[in-house]
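Notes follow the structure.
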Amino acid sequence: YDTAANDMVTCGRGILWIVTEYDRADSFDQVLRLKRVRNMFTVYLDPDAQEPDFADGKWAFVTEMIPREDFKLEHPDADQMNWPQAGVGEGLRNWIEATSVRVAWYYEVKVEPRRLVQLDNGHTGFYDELSDDVRARIDSGSMKVVNDRTSEKRTVKCYKLTAVEVLEEWDWVGSTIPIVPMIGDEEDIEGKVKISGLVRDTKDAQTAYNFFRTLEAEMIGL
């Protein structure tokens, strides 16, 4: 929370990353945890998302550097090909190193249309989940559908990637991507979104303050 809040104040955007981890070393139970994102520039979010909590995002990337020895131990048959490209801000960290491999977690939302029905007995549910007996009664007319509409089933697929292959893939437990941005000041000007923190508007004032304090120190020194 502290890292995300600091990034929000200074840069305009912090990141909260929700992951699942085993509760204990001797347990198969998993729990949700917040994982720290030290460099928020290593997270790529769907630019078409409108909600401040990214609930409507369709895709997202999270990248991370892993020591080659740990990577080889976890994925002994995987290609250790690195990613030579980097986005703005990633230059703050050394992404291409002889001792590390860059991997990415890619989240993608899959949307499947489903038929939602409400029956005259008060039951509401998806049509494909109804029993064969209930469907037969609907077809015969002994049971009626009073409301009918097309709904959506959202699932989130997660892929762990290198530059050349998919290492793992699984279904996320929720229906939204588990990455939550913390947004500072946000402006939408003709469709172009700009985000900023407190630092941007205080740069000139801080520069002037530093200048006057420097002059003060020089005068005292003289």
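A quarter of the convex hull surface defined by the alpha-carbon atoms of segment 165-219 gives 9.0 nm² as the mean projection.
Each of L130, L34, L73 has its accessible area taken with a 1.4 Å probe; listed largest first, they run L73, L34, L130. Accessible area per residue for the chain is 67 Å², calculated with a 1.4 Å probe on protein heavy atoms, without ligands, DNA or RNA. What Kirkwood hydrodynamic radius, in Å, does segment 114-163 give when the mean of 1/r is taken over all pairs of distinct Cα atoms and then inverted? Averaging 1/r across every pair of different Cα atoms and inverting gives 12.8 Å. Expressed to the nearest 5 percent, the antiparallel share of DSSP beta bridges inside the chain is 100 percent. Secondary-structure-derived ellipticity at 222 nm for the chain, considering helices only, amounts to -7000 deg cm²/dmol, per-run term -39500 (n - 2.57) for DSSP H runs with n ≥ 4. Charges on Cβ only, +1 for Lys and Arg, -1 for Asp and Glu, centred on the Cα centroid of the chain; of A205, A78, V37, which one is farthest towards the dipole's positive end? Of the candidates, A205 comes out farthest on the positive side. Measuring nothing but protein heavy atoms, the accessible surface of the chain at 1.4 Å probe radius is 52 percent carbon and sulfur. Charge dipole of the chain (Cα centre as origin; +1 on each Lys and Arg Cβ, -1 on each Asp and Glu Cβ, all else neutral): 160 debye, rounded to the nearest 20. Against the chain, whose longest principal axis is taken from its Cα atoms, helix 198-221 shows a tilt of about 20°.
Of the residues L119, Y107, A217, the one whose Cα sits farthest towards the positive end of the charge dipole of the chain is A217 (charges of +1 on Lys and Arg Cβ, -1 on Asp and Glu Cβ, taken about the Cα centre). Distant-in-sequence amide contacts of K153, defined by a placed amide H-H separation under 5 Å and a gap of 5 or more residues or a different chain, comprise E112, R114.
With the cut-off at 32 Å, tell me which of the pairs K72/K157; K160/K203; K58/K144 have Cα atoms farther apart than that. From the list (K72/K157; K160/K203; K58/K144), the Cα-Cα distance tops 32 Å for K160/K203; K58/K144. Reducing segment 108-172 and segment 36-75 to their Cα centroids gives an inter-centroid distance of 29 Å. Considering only F41, F28, F54, the mean-square fluctuation computed in a Gaussian network model of the chain, springs between alpha carbons under 10 angstrom, is largest for F28.
The values are calculated or read from the model by the stated rules, or taken from the named source; none is laboratory data. Here the structure is a predicted model, which is why all the values come from computation and not from measurement. Neighbour counts are summed over all protein chains in view; Cβ atoms, including those assigned to glycine, are modelled from backbone coordinates with ideal geometry. Remember, those area values only see protein heavy atoms, side chains included, never the ligands or the DNA or RNA. Shrake-Rupley method; radii C 1.70, N 1.55, O 1.52, S 1.80 Å.
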